[in-house]
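The values are calculated or read from the model by the stated rules, or taken from the named source; none is laboratory data. All of these numbers come straight from a predicted model, not from anything done at the bench. Every residue, glycine among them, receives a Cβ derived from its backbone with ideal geometry; neighbour counts consider all protein chains shown. Each accessible area value is taken on the protein alone, full model and side chains, heavy atoms only, with ligands, DNA and RNA left out. Shrake-Rupley method; radii C 1.70, N 1.55, O 1.52, S 1.80 Å.
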Amino acid sequence: MSRRKQIYEGKAKILYEGPEPGTLVQYFKDDATAFNAQKKATLDGKGVLNNRISEFVMIRLGEIGIPTHFIKRLNMREQLIKKVEIIPLEVICRNVAAGTMSKRLGIEEGEKLPRSIVEFCLKRDDLGDPLIAEEHIHAFGWATHAELDEMIAMTLRINDYLQGMFSGIGINLIDFKIEFGRLSTETGDHQVVLADEISPDSCRLWDRETNKKLDKDRFRRDLGDVTEAYTEVATRLGILQSNPPQGKPTLSVVSNDE
Ligand code: TYD
């Protein structure tokens, strides 16, 4: 057992104190939850896959100038991250109607939206993460006007980049959820950075040819083969090695980054 100090345990991740001040270790669990944790399961290998996929995405986004909390992956389940103060919002970006938007607005799942839409939910598990308006964010001071502008601009850039990245491997990015944090800078200011994770747990990813769901909806909707779908995403991204003799992707480490 680890003797590190646990800072926080969430539904799919645990945060430990990091080796240096201002750092944390983010541990990816195999636990899956849906419908405000009413549905729970353990999915063998999900944490390993999400650690690798989120690392890959954070590095790519860093390369195009999106500031992130990611420092480096430590091992199969852990990454070193910068300690930030999480802004209590879930920022959702949608390209195609699905999930709660389809239900709320009566738009059939799969219908392309007239343009990408950014939504905000309040991060409050006890309230079921309610959808909120920008007015609420301003009035209750959950983020400043400048922070909100930055989050929206970053979200749209992330969406553009991820749409292209996934399109290159035959996947449509339907929607995704991201979180941001405030990083204290040396001058005592705060910088808004992308935090948390980006993985098939927090995105809707549909195969372009078949519309097969390659994301957490396989768990939410009891479609089966959840980790197989996440493995498919990782393999197409080039994170996992395809093993030609067996023809099966493996979780063996591809050391393209080490
Ligand atoms: P949404 O359709 O609002 O909710 P649900 O997943 O309950 O149908 O979700 C939009 C996208 O954001 C989807 O890819 C899942 C992701 N998301 C999360 O990862 N966590 C959350 O708490 C919420 C509300 C959404």
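Rounded, prolate or oblate: which one fits the stretch 15-174, using the alpha carbon gyration tensor with axes a ≥ b ≥ c (rounded when a/c is under 1.5, else prolate when a/b beats b/c, else oblate)?
Numbers: a/c = 1.35, a/b = 1.25, b/c = 1.09.
Rounded is the answer for the stretch 15-174, as its axis ratio a/c remains below 1.5.
If F219, F140 are ordered by their accessible area, calculated over protein heavy atoms with a 1.4 Å probe, which sequence runs from highest to lowest?
F140, F219
Would you please name the trypsin sites (Lys or Arg not before Pro) within the stretch 1-92 that are DSSP coil residues with at most 16 other C-beta atoms within 10 Å of their C-beta?
R3, R4, K5, K11
Please give the solvent-accessible surface of T42 in Å², to the nearest 10, using a probe radius of 1.4 Å with every protein chain present.
Number for this one is 100 Å².
Hey, which aspartates and glutamates would be in cross-link range of K29, C-alpha to C-alpha under 16 Å, not counting anything within fewer than 8 residues on its own chain?
Of all the aspartates and glutamates, those that pass the test against K29 - Cα under 16 Å, at least 8 places apart if same chain - are E9, D44, E55, E78, D196, E197, D201.
Where the centroid of each part is defined by its Cα atoms, how far is the stretch 169-225 from the stretch 1-24 in Å?
22 Å
How far, in nm, would the chain grow between A34 and R208 when pulled straight, counting 0.36 nm per residue and subtracting the alpha carbon separation?
Details: separation 174, 0.36 × 174 = 62.64 nm, distance 2.50 nm.
Here the segment from A34 to R208 would lengthen by 60.1 nm.
Classify the stretch 44-129 as rounded, prolate or oblate, taking a ≥ b ≥ c as the square roots of the eigenvalues of its Cα gyration tensor: rounded when a/c is under 1.5, otherwise prolate if a/b is larger than b/c and oblate if not.
In terms of gyration-tensor shape, prolate.
At 1.4 Å probe size, with no ligands or nucleic acids counted, give the accessible surface of V91 in Å², nearest ten.
Surface accessible to solvent at V91 totals approximately 0 Å².
Per residue, how much accessible surface does the chain expose to a 1.4 Å probe? Answer in Å², no decimals.
With the other protein chains kept in place, the chain gives 50 Å² per residue.
Kindly sort I198, I71 by accessible area of their heavy atoms, largest first, with the probe set to 1.4 Å.
On the way: I198 0, I71 70 Å².
Sorted descending by solvent-accessible area, the residues read I71, I198.
Which GluC sites (Glu not before Pro) in the stretch 42-115 sit in a loop by DSSP (not H, G, I, E or B) and have at most 14 other Cβ atoms within 10 Å of their own Cβ?
The qualifying sites are E108, E111.
Which order do L183, L89 take by accessible area at a 1.4 Å probe, largest first?
Final ranking, largest accessible area leading: L183, L89.
How large is the helix-only mean residue ellipticity at 222 nm for the chain, computed as the sum of -39500 (n - 2.57) over DSSP H runs with n ≥ 4, divided by its residue count, in deg cm²/dmol to the nearest 500?
-8500 deg cm²/dmol
Taking square-rooted eigenvalues a ≥ b ≥ c of the alpha carbon gyration tensor, is the stretch 126-177 rounded, prolate or oblate, where a/c under 1.5 means rounded and, failing that, a/b exceeding b/c means prolate?
It comes out oblate by the Cα gyration axes.
Would you tell me the accessible area of L223, worked out with a 1.4 angstrom probe on the heavy atoms of the protein chains, in Å² to the nearest 10?
Rounded to the nearest 10, the figure is 80 Å².
Restricting attention to the stretch 132-187, which GluC sites (Glu not before Pro) occupy a DSSP loop and are surrounded by at most 13 other Cβ atoms within 10 Å?
E186
What is the distance, in nm, between label points placed 7 Å from the Cα along the Cα-to-Cβ direction at K112 and at T23?
If labels sit at K112 and T23, their model points lie 4.5 nm apart.
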